[in-house]
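S.K.: Have a look at the structure that comes next, please.
Each reported figure results from applying straightforward, stated rules to the coordinates on display, with no laboratory input. Keep in mind that this is a model prediction, so the values were computed, not measured. Cβ placement follows ideal geometry from the backbone for every residue including glycine, while neighbour counts extend to all protein chains displayed.
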Amino acid sequence: MQPPAAALAPARTPHYADYPIDRAAELRTDAQALASLFDAPQARLLPLLAPSADGTARVLVVSRGAAAAAAADTAAPASYPLAPAWVRPAASVAASLADGGGLPGAIFLGLDDDGAGVFAGRVRPEAADAVVAAAAAAAAASSIEKEEEATAPSPSTAPPPIWLAARTAGPDMLAGDAALVATAAGLASWHAGAQFDGRTGFPTAPRRAGHSRGAVVPPEQAASASPGSRPPRALYPRVDPATIMLVREGAWALLGRKGEWPAGRWSTLAGFVECGETFEQCVAREVLEESGVPVSASGITYVESQPWPFPRSLMVGFYARPEVAAAAGAAGVGDGEEGGRNSGGGDPYALLPAGAARRAAMDVGVTPEELRRYLLPRLPEAKAASSELEDARWFFRGWVRRALERHRAQPAGDQDGLFHVPGHYSLGNRLVHGWLAEGNGEDAAGDEEEDDARASPLPPLLGSFASADIGEPGTTFKYVLLRVTDGTSGCSKLAVWGHPQAEYHNHVLQRAKARAASIGLGQGAVDVLGGGRIRREAQADGGGGAICVYGYSAAFGPSPHEVSAAILRRWFPFSEVTVSYDGY
């Protein structure tokens, strides 16, 4: 289930990181205090089963409505339909726990606000049904004691608790619940896989209230141990650090997708840290391996981290910048002969190929500032590594924002195949939305124009004028390059307009002027900067069909097609856009 739009803004902390109780680590070695907490009637326990096929422990969950009835909780949003199915008192299922049962088989998670003990425990498979019944009975008993809300299910009609993989259940839980479930599941998975000491082969048993294990030395070997010999070593949960990074340059970001993901899903790049490698080195290596994009070592900045114990990872988030200067003359976004991140300080017309392109830009009056705005930055080509990703490409911030809004606006059943990023639970989601928030061209009208040089958003009227309004795939048509100016602020932007039914280029121009007048800009706000033709190939395999910008306008002359192509690349990220000055 998808959270409402308001819930998609990044929360204070990443999902799974908002641990809601006191860990009380000092009590983990206090056997007497732990026994008192575990045996108290207020103690609660979260039941877990052995890891499923994905390595994630299964957790007992209940519908949020039933949990709200048990806790008189009216604040839980319907967008988070699941909650942990707690057993109260914890000791009531002590005999059902693995690792010998009782307190030794329980994991101490901490103390709640009332000072009651909060535990988790791996349930023996043969006792699973009995534990489900105990959890249901605990919820029913608790709800009877509390004033029931009219909208909450009654104990007799509430759905029974069910077992779900913790990784599946977590995104549909409130942040605090998800953090407890993730921690418990990670520890439970580790316990299940650490039954023996890898060095000695001895069996192990839980220690420190479930936060470590120790080898159980056979009595005959313990008796023969020499005086002063070291005690059996303690074993602790293994954590595998992984970097997750958004490579961004101004209004552009690099995203990738894997073939096994749902259609339309794109995300940040990620990879595990290798032995002897720093986080920053891992960022640069993984980005290069997965996308072929070199990363600037000085442009890697830490953002935040997120526990991901499914079964044992820690995600460490970064922003990174590509080595833009290395893309000069390469087949990247904003192609040309020269340039880098700060190129254009000399002759900006050198950003265009010599010959027809430069002549066209000068003849129609494209300004140096406009050349820098649309032809920079010069991004390195992204090419997905077949063993890592199915695809990797650069996306323009305005297009991403609009695509995500379109995805959220659709009913859940109609979202299939639409561009989207992982949900609120993902650190990748937070990195993407953090980058979106950096944009200076956000506008409620839906269209926007962004670049590093612009210090303020476009005026709303200018943002309402589409930057790219062209024919559908499978058509060839006349187009014009336009400069649209807001008379009040003096701000302007360039736009590419074309239409399959336009007999003359002037027909496209008049259509654009009519649009400008209808939104209050006035017909005089639109100037033509040459024209040509656009050929849009039919889409193949769900991707974007190729776009070719070519030719000239008999009335207005040829536009600098590289500028037009740069605009189209912003708004048609799945189309390969090429340029030619041949033909009419």
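S.K.: What's the local net charge at Ala85, with K and R +1, D and E -1, over the other residues with C-beta under 12 Å away?
M.R.: +3
S.K.: Please report, in debye to the nearest 20, how large the charge dipole of the range 460-579 is about its Cα centre when each Lys and Arg carries +1 at its beta carbon and each Asp and Glu carries -1 there. Could the numbers behind the result be given before it?
M.R.: Working: 11 positive and 9 negative charges, 43 e Å.
My answer is approximately 200 debye.
S.K.: Compute the signed sum of charges (Lys and Arg +1, Asp and Glu -1) over the other residues within less than 13 Å, Cβ to Cβ, of Thr29.
M.R.: Numbers: positive: Arg28, Arg207, Arg208; negative: Glu26, Asp30.
Result for the local shell: +1.
S.K.: Using only Cα atoms, what is the ratio of the radius of gyration of the range 510-569 to 2.2 N^0.38 Å?
M.R.: That works out to 1.38 for the range 510-569.
S.K.: Can you give the net charge of the other residues whose Cβ lies under 12 Å from the Cβ of Val480, counting K and R as +1 and D and E as -1?
M.R.: For residues surrounding Val480, the net value is +3.
S.K.: Using the Karplus equation 6.51 cos²θ - 1.76 cosθ + 1.60 (θ = phi - 60°), what ³J(HN,Hα) coupling, rounded to whole Hz, does each residue of the range 476-489 give in order, writing x for Gly and Pro?
M.R.: Result, rounded to whole Hz: 10, 7, 6, 9, 10, 9, 10, 10, 10, 10, 8, x, 6, 9.
S.K.: Using modelled backbone amide H atoms (1.01 Å from N, in-plane), which distant-in-sequence or interchain residues come within less than 5 Å of Ile300's amide H?
M.R.: Sorted by chain and number, the residues that satisfy this are Arg321.
S.K.: Across 5 Å bins from the origin, how do the percents of Cα pairs in the range 460-579 run, short distances first?
M.R.: The calculated distribution, bin by bin, is 2, 13, 23, 24, 18, 12, 6, 2, 0, 0.
S.K.: Would you mind ranking Val132, Val484 by Cβ crowding within 10 Å, fewest neighbours first?
M.R.: Final ranking by Cβ density, sparse to dense: Val132, Val484.
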